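Shown next, in structure tokens, is the structure this report addresses.
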Amino acid sequence: MIENPAHAEQLYELERRLKKSRKRNRFVSGLLMIVLIITALLGIYIIMGEVAEPPFGKWPGIRKERNQLREEKVRLKDRLDSLKSVNLLLLEHSDTATGLYYQVQIGAFRDFDLSGYREQLLGLGIETVGDVNKYTLGRFSSFERARSFRRDIIRLGIDSAFIIAYLNGELIDVREARRYEQNR
């Protein structure tokens, strides 16, 4: 028993503050527990949305729509690749000078003219610049195909064959054409 009333009053005040502090700690602990549970549930919901399909809400419809869009994207990409291939083939076999293309020049001569055989030599390109007749073979949409063709022409004995490039009918530097080809 405490004999001093001042001490008893201090002890009573300390006990009251201790009870109040415990009550506040229980409240804060409960509140933290609620926040922790809500955070955990939210995390589980987000993870389920990324990994698994939740059985409620808009997720099943969204997942189905996303799969349909992915399939459509693949179909469109395949179609675009097909159209690009057809376009390149048309460019290579066209008489019009559009887009980027390469040719293999096999000669340039002053006093030699094959233009009289133009109709019989369908694959031979003849361009006259001043008094010089330039002869080319092929029309290629890629530098690699032109280079491969040039190697074959050299194997046939035309050692001076080289690659030239055109963009929309205008002669351009091959390095510039390759940069253009890489960026398209």
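The values are calculated or read from the model by the stated rules, or taken from the named source; none is laboratory data. Just so we're clear, the structure is a prediction, and the values are computed from it rather than from any experiment. Because the Cβ atoms are built from the backbone with ideal geometry, glycine has one as well, and the counts that use them run over all protein chains shown.
Listed by first and then second residue, the pairs linking a residue in region 123-151 that is in contact (Cβ under 8 Å) with a residue 12 or more places away in the chain to a residue that is part of a helix (DSSP H, G or I) and of a type in the set (G, A, S), with Cβ atoms under 6 Å apart and 6 or more places separating them unless they lie on different chains, are I126/S115; F140/A146.
Modelled with pLDDT under 90, in contact with a strand residue (DSSP E or B) (Cβ under 6 Å, 6 or more places away or on another chain) and either loosely packed, with under 10 Cβ neighbours inside 10 Å or farther than 30 Å from R184 by Cβ (or both), is that true of F56?
Working: modelled with pLDDT under 90: yes; in contact with a strand residue (DSSP E or B) (Cβ under 6 Å, 6 or more places away or on another chain): no; either loosely packed, with under 10 Cβ neighbours inside 10 Å or farther than 30 Å from R184 by Cβ (or both): yes.
No.
In this entry, Y102 passes the filter for residues that are outside any loop (DSSP other than H, G, I, E, B), under 31 Å from the mean Cα position of the chain (by Cα) and at pLDDT 85 or above.
Residue by residue, here is whether (1) modelled with pLDDT under 90; (2) surrounded by 12 or more Cβ atoms within 10 Å (Cβ to Cβ); (3) not in a loop (DSSP other than H, G, I, E, B) holds:
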residue	(1), (2), (3)
L83	yes, no, yes
L89	yes, no, yes
F112	yes, no, no
G125	yes, yes, yes
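A97 meets each of the listed conditions (1) in contact with a Gly (Cβ under 6 Å, 6 or more places away or on another chain); (2) at pLDDT 90 or above apart from (2). Note on region 138-184: residues that are at pLDDT below 90, in a strand (DSSP E or B) and not charged (D, E, K, R) amount to 2.
Residue pairs whose Cβ atoms lie under 8 Å apart, separated by 6 or more positions or on different chains, with the first residue in region 162-184 and assigned by TED's automatic domain parsing to the domain that holds V104 and more than 15 Å from S141 (Cβ to Cβ) and the second assigned to a helix (DSSP H, G or I) and at pLDDT 90 or above, are F162/R150.
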